[in-house]
């Protein structure tokens, strides 16, 4: 099997740690895997500040791909990470072979995560993590996920993503829906995209943190991507 390069982008409150099981399985199959933590989160939580926004995180991933000189990348975004991978693909579409949205937001230009999921937010303070139980993480892993999650910068949620449309040049795209996590926006996106040309759609019977709950099934889908 030919080596594929995967860049795995976590969602809000999480970090590169959440991909460990999937990354191990992909690496065992001979693939290159990058699962960085975004600025201000997890092992980079010491960099948390009010200045960290969506653009910061798009730059985190775009610069990783550029400085590691990665090409033909399968770029995966979980949840909030869908905002990031869309922005990255808009900047460096020539390096992206496939975009994978894992129970994630699929934004249009001018939209923020807050637009896609309206909610009350604190003023200029980081947003406290959502409990793993709410995300329907399996019971065995809930304490671990709760312990590892860190506050998320508000500006990442409120900044609107500005796109040129270059991301549309990425021809292969997939949407993976976590069936056991109730989320009207994700469900509507899955229903819309499963019949869209150029999209592959998958449904997995687990909670929102698919990489924690079903790493084997997820790794298999990513390899076929």
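Each value in this text was obtained by applying a stated rule to the coordinates, not by laboratory testing. This one's a predicted model, so the numbers in the text were calculated from it and none came from an experiment.
As a test, work out the antiparallel percent of DSSP beta bridges whose residues both lie in the chain, rounded to the nearest 5.
Looking only at bridges with both residues in the chain, the antiparallel portion is about 5 percent.
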Considering only DSSP beta bridges with both partners in region 51-183, what is the antiparallel share in %, to the nearest 5? 15
One-quarter of the Cα convex hull surface for region 1-99, in nm²? 6.0
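So what is the relative contact order for region 34-153, in percent, with contacts set as C-alpha pairs under 8 Å and at least six apart? Each step should come with its number before you reach the end.
Numbers: 143 pairs, mean separation 29.6, N = 120.
The value is 25 percent.
Relative contact order of the chain, please, whole-number percent, based on alpha carbon pairs below 8 angstrom and at least 6 residues apart. If you can, show how the numbers build up before the last one.
Working: 474 pairs, mean separation 52.4, N = 225.
In percent, rounded to a whole number, it is 23.
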If the chain between residue 185 and residue 69 were fully extended at 0.36 nm per residue, the gain over the current Cα-Cα distance would be 38.3 nm
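Let me have the 222 nm mean residue ellipticity of the chain computed from DSSP H runs of 4+ only, each contributing -39500 (n - 2.57), with the sum over all residues rounded to the nearest 500.
Working: 9 runs with 74 residues, N = 225.
About -9000 deg cm²/dmol.
How long are the three semi-axes of the equivalent ellipsoid for the chain, computed from the Cα gyration tensor as the root of 5 times each eigenvalue, in whole Å, largest first? Walk me through the intermediate numbers first.
Values: eigenvalues 104, 83, 68 Å².
Whole-Å semi-axes of the equivalent ellipsoid: 23, 20, 18.
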